[in-house]
Amino acid sequence: TVSDIAWAAVHDPDVRLLLVYLESIANPELLARAAAVARERDLPIVALKAGRSASGQRAASSHTGALANEDRVVDAFLRHHGIYRVRDQNLLARAADAYLQGWRPEGRRLVAISNSGASCVMAADESESLGLPLAQLAPETRAAVAARLPGFASTANPIDITAALLSNSRLFGDVLPILAGDPAADLFFIDIPVSGAGYDVDAFARDTAAFAAKTGKPVAVAAWQPEIARVFREAGVAVFDHGVDALGALAQVADHAAMMRAPRADWPAPVPVALPAGDSRFLDEAASLALLAARGLPVVEHRLCRTPAEARAAFEAIGAPVAIKACSVDVPHKSEHGLVALGIRDADTAEAVFTEQWEKLGTMGARRDGVLVAAMRRGLHEFMVGAKIDPVFGPVVLVGDGGRYVEALGDVAVLVPPFDVDEALATLGRLRIAPLYAGVRGEPAWDMRALAEIAIGIGRLVRDADGLIASLDVNPVIVGAVGEGAVIVDALV
């Protein structure tokens, strides 16, 4: 399998970069071990995993006879183990020269330089789309650069050297060392869209190569003309045909370096999980919440009632408003059957709703485990957290935008255990709703750390259950403002 070959390759001291094509991951444990060895060796692994779509998965399965892996689980598995995933064969090889330069940047702030103002503008556009912020150069840096360039050149980043390069071929060599001394500069991009008579390309290439060798800073050059590219390539500079490719390679090595440096979480030893006896496929909601509460997870205040009097007493103990929900292992999805009532504000109504739901369970022929009376909790947003046993990768955790439209919107991401709060927060940061976390239009910031802790707790629970729990859905988890925490309102094991 690919995992076998990867395991062999990462032990070869002459291998400096590993490019992998996958249609399935038949042995994820071995690939994970190979990735761990690669990180110890500082050996990057870049993977192209085909079969992202449903039709692609069917084609891969029929071609290889292997189980198609759910794509977002594959994505999370590769990221978790420091393997950088790309989408096509061009991207698989695009950054190879950049990796072989040995670049392992600590940051992703970019300095762009060109002899074309248009190229500077396009570099600014592309860098923003790649999440490469333009470095804010110090005033003394800009002053020193300005002293080397003609007055009409731009010393703001991106730096437009202009056609003055024709009259002074040393401009690149003069400017680069100044920029290297600025602590805000992590990555360098040089774009030479056109060159010809009067341009000392050999000097450009020598100065760029000397700068890269002396500083160790990543420098990617876009040279649109093949002859110009050849001169830079022979000087040992990483050169690309287009600015998009050069900037993409810089972004990739920066992202990958951060991925490989990220610390690995270490969960405590498993704690045995005791599940209620019975042959049902599901735990009812009360049993599901009790299981989570026993693990120290925050669940909403609730009581399981079996008589109208108990429902009245629960309402009076909890206080208005309450939610009332039928509880039956035979009805895991209650809303679809009208078995959820929200905003109940008096004891008489609580008794009446109890009776209505109790009788409806009987009419449906469902087992009557009780009726749940629970506090209504306010917060800033509803999330979902889930977990399941993937047939290939084992326990995985899902986090995402919650509420009644979770399946329709599909704004979810996957975490592969073990993971820590930082990894959970980074994964939550990739959701489409992430821009709202900090608070908008005067709203307070959301307590995302509390949600991350719940994701860890659920991941550990499913791991500790050792196959006894096939899946777990917690929706909604109501998240409050920072410091207010989060609370699990509904659960299904």
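Scanning the stretch 30-40 for residues that are surrounded by 13 or more Cβ atoms within 10 Å (Cβ to Cβ) and free of Cβ contacts under 8 Å to residues at least 40 places away in the same chain returns 30, 33, 34, 37. Residues of the stretch 336-349 that are open to solvent by 90 Å² or more (accessible area, probe 1.4 Å) and either in contact with a strand residue (DSSP E or B) (Cβ under 9 Å, 6 or more places away or on another chain) or among the basic types (Lys, Arg) (or both): 342, 345.
If you take the residues in the stretch 437-449 that are open to solvent by 50 Å² or more (accessible area, probe 1.4 Å) and small (Gly, Ala, Ser), which one is modelled with the highest pLDDT?
Here is the first cut: in the stretch 437-449, the residues open to solvent by 50 Å² or more (accessible area, probe 1.4 Å) are 438, 440-444, 449.
Subsequent filtering for residues that are small (Gly, Ala, Ser) retains 438, 442.
Details: 438: 95, 442: 90.
That would be 438.
Select, from 407, 382, 453, the only residue that is among the acidic types (Asp, Glu) and closer than 28 Å to residue 271 by Cβ. Walk me through how you get there before you give the answer.
Values: 407 fails: closer than 28 Å to residue 271 by Cβ; 382 fails: closer than 28 Å to residue 271 by Cβ.
Going through 407, 382, 453 in turn, just one is among the acidic types (Asp, Glu) and closer than 28 Å to residue 271 by Cβ: 453.
Within the stretch 102-139, which residues are more than 15 Å from residue 184 (Cβ to Cβ), part of a loop (DSSP other than H, G, I, E, B) and over 27 Å from the mean Cα position of the chain (by Cα)?
Within the stretch 102-139, the first condition is being more than 15 Å from residue 184 (Cβ to Cβ), and the residues that meet it are 102-104, 114-126, 128-131.
Now restrict to residues that are part of a loop (DSSP other than H, G, I, E, B): 102-104, 115-116, 130-131.
The answer is 115, 116.
Tell me, please, whether a residue that is part of a helix (DSSP H, G or I) and surrounded by 15 or more Cβ atoms within 10 Å (Cβ to Cβ) can be found in the stretch 324-335. Give the derivation first.
Narrowing the stretch 324-335 to residues part of a helix (DSSP H, G or I): 335.
Filter once more, so that each one left must be surrounded by 15 or more Cβ atoms within 10 Å (Cβ to Cβ): none.
There is no residue in the stretch 324-335 that is part of a helix (DSSP H, G or I) and surrounded by 15 or more Cβ atoms within 10 Å (Cβ to Cβ).
Selection over the stretch 391-413 of residues that are open to solvent by 10 Å² or more (accessible area, probe 1.4 Å) and within 18 Å of residue 29 (Cα to Cα) gives a count of 5.
Inspect the stretch 432-449 for any residue being among the hydroxyl-bearing types (Ser, Thr, Tyr) and not in a loop (DSSP other than H, G, I, E, B) and give the result as yes or no. Don't jump to the end; show me each part of the working.
Within the stretch 432-449, the first condition is being among the hydroxyl-bearing types (Ser, Thr, Tyr), and the residues that meet it are 437.
If we keep only those that are not in a loop (DSSP other than H, G, I, E, B) as well, we get none.
Scanning the stretch 432-449, I find no residue that is among the hydroxyl-bearing types (Ser, Thr, Tyr) and not in a loop (DSSP other than H, G, I, E, B), so the answer is no.
Which residue is farthest from residue 85 (Cα to Cα), if the candidates are limited to the stretch 10-29 and must be open to solvent by less than 20 Å² (accessible area, probe 1.4 Å) and in a helix (DSSP H, G or I)? Show your work before the answer.
Of the stretch 10-29, the ones open to solvent by less than 20 Å² (accessible area, probe 1.4 Å) are 10, 20, 22, 25, 28.
Now restrict to residues that are in a helix (DSSP H, G or I): 10, 28.
Values: 10: 17, 28: 15 Å.
Among them, the one singled out is 10.
Look at the stretch 235-250: where a residue is in contact (Cβ under 8 Å) with a residue 12 or more places away in the chain and more than 12 Å from residue 97 (Cβ to Cβ) and a partner is open to solvent by less than 20 Å² (accessible area, probe 1.4 Å) and acidic (Asp, Glu), sitting 6+ places away or on another chain with Cβ atoms under 7 Å, you get 243/191. Residues in the stretch 179-207 that are open to solvent by less than 30 Å² (accessible area, probe 1.4 Å), in a helix (DSSP H, G or I) and either modelled with pLDDT of 90 or more or of a type outside the set (Phe, Trp, Tyr) (or both): 179, 180, 201, 203, 205, 207.
If you check residue 434 against the conditions, is it farther than 18 Å from residue 488 by Cα, in contact with a helix residue (DSSP H, G or I) (Cβ under 8 Å, 6 or more places away or on another chain), among the hydrophobic types (A, V, I, L, M, F, W, C) and surrounded by fewer than 20 Cβ atoms within 10 Å (Cβ to Cβ)?
Values: farther than 18 Å from residue 488 by Cα: yes; in contact with a helix residue (DSSP H, G or I) (Cβ under 8 Å, 6 or more places away or on another chain): yes; among the hydrophobic types (A, V, I, L, M, F, W, C): yes; surrounded by fewer than 20 Cβ atoms within 10 Å (Cβ to Cβ): yes.
For residue 434, the condition - farther than 18 Å from residue 488 by Cα, in contact with a helix residue (DSSP H, G or I) (Cβ under 8 Å, 6 or more places away or on another chain), among the hydrophobic types (A, V, I, L, M, F, W, C) and surrounded by fewer than 20 Cβ atoms within 10 Å (Cβ to Cβ) - is met.
Residue-wise test of (1) open to solvent by less than 10 Å² (accessible area, probe 1.4 Å); (2) out of contact with any helix residue (DSSP H, G or I) (no Cβ under 7 Å at 6 or more places or on another chain); (3) not in a loop (DSSP other than H, G, I, E, B).
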| residue | (1), (2), (3) |
| --- | --- |
| 174 | no, no, yes |
| 177 | no, no, yes |
| 209 | no, yes, yes |
| 229 | yes, yes, yes |
| 233 | no, yes, yes |
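The values are calculated or read from the model by the stated rules, or taken from the named source; none is laboratory data. Treat the numbers as computed from the prediction; the structure is a model and nothing was measured. Please note: Cβ atoms are built from the backbone with ideal geometry, for glycine as well, and neighbour counts cover all protein chains shown. We work out accessible area using only protein heavy atoms, side chains counted, and drop any ligands, DNA or RNA first. Shrake-Rupley method; radii C 1.70, N 1.55, O 1.52, S 1.80 Å.
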